[in-house]
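This report concerns only the one structure given below.
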Amino acid sequence: MQLKTILNSIEKQKGFVYHSIHWNDQKSALLVNIRAHRHSRATCSGCGQKAPGYDTLAERRFEFVPLWAIPVYFLYSMRRVDCCCCGVTVEEVPWSDGKHRTTFSYRVFLSRWAKRLSWKETATTFGTSWDTVQRSVDWVVRWGLVHREIGEIEAIGIDEIQYRRGHQYLTLVYQIDADCRRLLYVAKDRTEKSLRGFFYTISDSTKLSLRFVCTDMWRQYLTVIAEEVHHAVHILDRFHVMKKFGDKLNKVRAEEARQMKLDGYEPILKNSRWCLLKRPGNLTKKQTVKLKELLQYNLRSVRAYLMREDFQRFWEYSNSTWAGKFLDQWCTRAMRSRIEPMKEMARTLRTHRAYLLNWFAARGEVSNGSVEGLNNKAKLAMRKAYGFKSYETIEIALYHQLGRLPEPETHHRFC
Ligand SMILES: [Zn+2]
């Protein structure tokens, strides 16, 4: 069987034929010559209509999916047409478009692998450059964004994520329905404008279908939600509230450790950061021992830790009246604690009381861990695209991993 036969069965090019296949001079790549069907007229790339020929350009190379780790290139001399509507334009060919040096199939192939491996690993594995992988993913994602359907959405989670040092944040909007969890929107910064952009991209019927919105306590988001989707139940989700607790706890610990050092005490708080920040069930053996040791001291960090652990009970209530009572009692205790960061936390919780209690109204309908799960995946996606320079690349990487976008169809699945 000839390679041509295989090519014709996996990817027939309408109006063109695979003419001949040979090695390049170094015998390091396969070159596939493509010719247009005799007497076939070229298609104008501007309007998609058949048009009379004008001239033929120099031969171009298009990288195709490698065979047995041997790079494969299509070689073809593009014709130009004299179109009655568009003037002189380059013809349209079924395997590639415009300025790309890769075929559609190869872009889909690389993009699929780049979901499993990092972009750098993908480039190394298939003997191509990081830029080619990036451009392929970019093209597949843009295609997906144009062709995706948003439809009705029950719940969204709004998240902010740091993507670079120095307070550089992204605003992410996830769909967190039980049967569909995906990234819907990414924007730079975490301003009102960043979030408002999301509501411009969705239709009115999508907006009206929203029943629940989960966010953190970022004021800019609260303002936009109140304006744009006042009909939905707005919830402060557990993940974000407990994250804020973690920040406060860390503040107490850092301050106390510094003070102890100044006063010449034994540095017992050294290496204690994760013992205090993680939930007890997630600690390693060594950290558990350290935690036990710490709990013997009457430290402010320890008291703050116990207060945070106590607050976890809030989420266990099944009824919002009792949860509200617990919340008020907890805040009163915290205000008497004389630990400033915990007092700050109590004030914040009091200000957002109504949003916190909304959690109980949505109980059983919005899953607790969905925002957290997507947040972890987003961080992983950014690491996988490592090597990015621009914000645009991060945006593409996030949609690629989390967007559940449709892909262009190829006749044959290469991977
Ligand atoms: Zn035309």
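The values are calculated or read from the model by the stated rules, or taken from the named source; none is laboratory data. Note that the structure is predicted; figures quoted are calculated from it, not measured. With ideal geometry, Cβ positions are generated from the backbone for all residues, glycine too; neighbour counts draw on all protein chains shown. Just the protein is used for accessible areas: all its heavy atoms, side chains included, with ligands, DNA and RNA removed. Shrake-Rupley method; radii C 1.70, N 1.55, O 1.52, S 1.80 Å.
Taking region 345-380 only, how many residues are of a type in the set (Lys, Arg) and under 14 Å from Trp330 (Cβ atoms)?
Result for region 345-380: 3.
Take Arg353 and tell me if it is more than 32 Å from the chain's Cα centre (by Cα) and either open to solvent by 70 Å² or more (accessible area, probe 1.4 Å) or more than 16 Å from Phe245 (Cα to Cα) (or both).
no
Need the failing condition index for Leu31 against (1) farther than 21 Å from Trp139 by Cβ; (2) in contact (Cβ under 8 Å) with a residue 24 or more places away in the chain; (3) exposed (fewer than 14 other Cβ atoms within 10 Å of the Cβ), just the number.
Leu31 satisfies all of (1) farther than 21 Å from Trp139 by Cβ; (2) in contact (Cβ under 8 Å) with a residue 24 or more places away in the chain; (3) exposed (fewer than 14 other Cβ atoms within 10 Å of the Cβ) except (3).
Quick check on this structure: which one of Glu365, Glu409 is free of Cβ contacts under 8 Å to residues at least 40 places away in the same chain and not in a helix (DSSP H, G or I)?
Checking each option against the conditions leaves just Glu409.
May I ask you to verify whether Arg404 is among the charged types (D, E, K, R), within 30 Å of Trp95 (Cβ to Cβ), touching a residue at least 40 places away in the same chain (Cβ under 8 Å) and surrounded by 13 or more Cβ atoms within 10 Å (Cβ to Cβ)?
Answer is yes for this residue.
Restricting to region 118-133, name every residue that is of a type outside the set (Ser, Thr, Tyr) and within 24 Å of Tyr174 (Cβ to Cβ).
The answer is Trp119, and nothing else.
Is there a residue in region 119-136 that is open to solvent by 50 Å² or more (accessible area, probe 1.4 Å), aromatic (Phe, Trp, Tyr) and modelled with pLDDT under 95?
Looking for residues that are open to solvent by 50 Å² or more (accessible area, probe 1.4 Å), aromatic (Phe, Trp, Tyr) and modelled with pLDDT under 95, one finds at least one in region 119-136, hence yes.
Considering region 140-165 alone, what residues qualify as being among the aromatic types (Phe, Trp, Tyr) and under 16 Å from the mean Cα position of the chain (by Cα)?
The answer is Tyr163, and nothing else.
Return the residues of region 149-182 that are open to solvent by 50 Å² or more (accessible area, probe 1.4 Å) and not acidic (Asp, Glu); say none if nothing qualifies.
Gln162, Arg164, Arg165, Gly166, His167, Gln168, Ala178, Arg181
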